[in-house]
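Worksheet: the structure to be examined is printed underneath.
The values are calculated or read from the model by the stated rules, or taken from the named source; none is laboratory data. Just so it is clear, the structure is predicted and the values come from calculations on it, not from any experiment. Here Cβ is always computed from backbone atoms with ideal geometry, including for glycine, and neighbour counts include all displayed protein chains. Accessible surface is based on the protein model in full, side chains and every heavy atom, while ligands, DNA and RNA are left aside. Shrake-Rupley method; radii C 1.70, N 1.55, O 1.52, S 1.80 Å.
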Amino acid sequence: GILMLIGALFSYSLPVYLEHAKHLSEYHFVLRCLGFGILGFTIMVWLARRDPDKWFGKIGWSILTISAILVIAMPFLPESIAPVINGAKRWIKIGPFFKFAPVEFFKIGVIFFLSWSFTRQVKENTTLKEEFQLIFRYIIILGGFWYLILAYQSDLGQVMVMGLLFAFLLLIAGGRFQTFTLILAGGIFVFIAAILSSGYRYARFKAWLHLMTNNFFPSIKVDSKMSYGQVQESLNAIYHGGITGQGIGNGIFKLGFLSDVHTDFVLAGIAEESGIIGISVIVILMLALVYRIYKIANRSEKKEYQLFAFGVGTLIMIQFIFNGLGVTSLIPIKGLTVPFLSYGGSSLLALCTAIGMVLMISKKSKIN
């Protein structure tokens, strides 16, 4: 709840330039953020009151089935329903004001599916060959969905997140560490192949490498014709914020210099206005949230519940870390939202649903 309120505060402060440029009300984003937050919090409370033995499976299968169907259908939907934005179909229009991103809920569905399936399929003391044969079947099934997300939604970041979730959940379920490292190696290969197979991604990768090496390795130069200006302005905003920040509402780089400041680059906008102190508070809140989720996972009575809670906590941490590293140029920016802070109804509702299911699970956990 605190994180969502912080997100609402900065959805009012940060997108002022966009509101002015598009002739929107100054309350345009904050009212929608509060609306999604109230709806998400209501869903979370409703789920928390359910009996997991009766509701966990029903809700999990519903999320997985509906989101999977939508991911498959996205390439075939007309542009009036699924508009092409920046060359990709990622959203489904619901009315004039809301765009729904099925992949946000699909991630929760994948966590549920893996927790349900790994509980039944992954056994200890299996040979590396047997385990690899088992994992190959999962990769074939999920790989089809990942291909659709990569090819038609051009969303490499979401595929990377789900690949990492797959590897970590397998390890926690009892899989071999060798298999874990093989999956990570395969993920790196897919990442490199995805970059080399797309001229645009390759150009952006070179632009990131140029910026990163110039920032951290002054003697190394990588030529690039494409600008990585967003991340450069992000670094400028963070530097301008200093320790205590410029004050809420007093940021400069949000005024047309740093685009997507209320979504992908929200951490840079927060850093400029609240400084290292503000970012430190957010880090502490995120760590407290994930710690509590892992505590529920560790004390859950059923392995299926344990894996699901662990997956939700890991999802939050992966997205938070990836975004933080991206806006500071340490890794290429992947367009991942900051959990509970970035403006976006789909992400917020999906995460609130996941947290609600974790709270549901906690009814069967021994936590003191």
| request: Scan around Val261 for amide H atoms under 5 Å from its own, H built in the peptide plane at 1.01 Å from N, and keep only partners 5 or more places away or cross-chain. | output: none
| message | Can you tell me the orientation of helix 52-73 relative to the chain, as the angle in degrees between its alpha-carbon axis and the longest Cα principal axis, to the nearest 10? | response | 60 degrees
| field | Helix-only CD estimate at 222 nm, as mean residue ellipticity for the chain, using -39500 (n - 2.57) per DSSP H run (n ≥ 4) | value | -23500 deg cm²/dmol
| Which pairs break 27 Å Cα to Cα here: Lys107/Lys334; Lys89/Lys302; Lys54/Lys99; Lys22/Lys89; Lys58/Lys107? | Lys89/Lys302; Lys54/Lys99
| Which whole-number percent of Cα pairs in the chain have a distance greater than 37 Å? | 20 percent
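Can you compute the FRET efficiency between Ser259 and Leu325 using 1/(1 + (r/R0)^6), with r the Cβ-Cβ distance and R0 = 22 Å? Round to the nearest 0.05. Before the final figure, lay out the partial values.
Numbers: r = 19 Å, r/R0 = 0.88.
Computed FRET efficiency for Ser259 and Leu325: 0.70.
Normalised by the residues of the chain, what does the relative contact order come to in percent, with Cα pairs under 8 Å and at least six apart? Provide the component values of the computation, followed by the final result.
Working: 503 pairs, mean separation 91.7, N = 368.
Reported relative contact order: 25 percent.
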| query | Which whole-number percent is the relative contact order of segment 165-307 (Cα, under 8 Å, 6+ apart)? | reply | 16 percent
| request: Report ³J(HN,Hα) in whole Hz for each residue of segment 246-255, in order, from the Karplus equation J = 6.51 cos²θ - 1.76 cosθ + 1.60 where θ = phi - 60°; Gly and Pro get x. | output: 8, x, 4, x, 9, x, 9, 6, 6, 8
| task | Would you mind checking the tilt of helix 266-298 against the longest principal axis of the Cα atoms of the chain, expressed as 0 to 90 degrees and rounded to 10? | result | 10 degrees
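Using a/c under 1.5 as the rounded threshold, could you call segment 268-368 rounded, prolate or oblate? The axes a ≥ b ≥ c are square roots of the C-alpha gyration tensor eigenvalues, and prolate needs a/b larger than b/c, oblate otherwise. Walk me through the intermediate numbers first.
Numbers: a/c = 2.28, a/b = 1.96, b/c = 1.16.
Cα axes put segment 268-368 in the prolate bin.
Tell me whether segment 214-344 comes out rounded, prolate or oblate; compute the Cα gyration tensor, take square roots of the eigenvalues as a ≥ b ≥ c, and use a/c under 1.5 as the rounded threshold.
Numbers: a/c = 2.48, a/b = 1.69, b/c = 1.46.
Because a/c hits 1.5 or more and a/b exceeds b/c, segment 214-344 counts as prolate.
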| What spacing in nm lies between the two simple spin-label points modelled at Ala48 and Asn298, each 7 Å away from Cα in the Cβ direction? | 2.2 nm
| Which angle from 0 to 90°, rounded to the nearest 10, does the C-alpha axis of helix 345-362 make with the longest principal axis of the chain? | 40 degrees
| message | Pick from Gly245, Gly199, Gly60 the residue whose mean-square fluctuation is largest in a GNM of the chain, springs joining Cα atoms under 10 Å. | response | Gly199
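Roll a 1.4 angstrom probe over the protein heavy atoms and tell me the percent of accessible area of the chain that is carbon or sulfur.
That share works out to 66 percent.
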| message | Could you tell me the relative contact order of segment 52-177? Use alpha-carbon pairs under 8 Å, at least six residues apart, and round to a whole percent. | response | 28 percent
| request: Please return the longest stretch of the chain lacking exposed loop sites, where GluC sites (Glu not before Pro) count only if DSSP places them in a loop and at most 14 other Cβ atoms lie within 10 Å. | output: 125-300
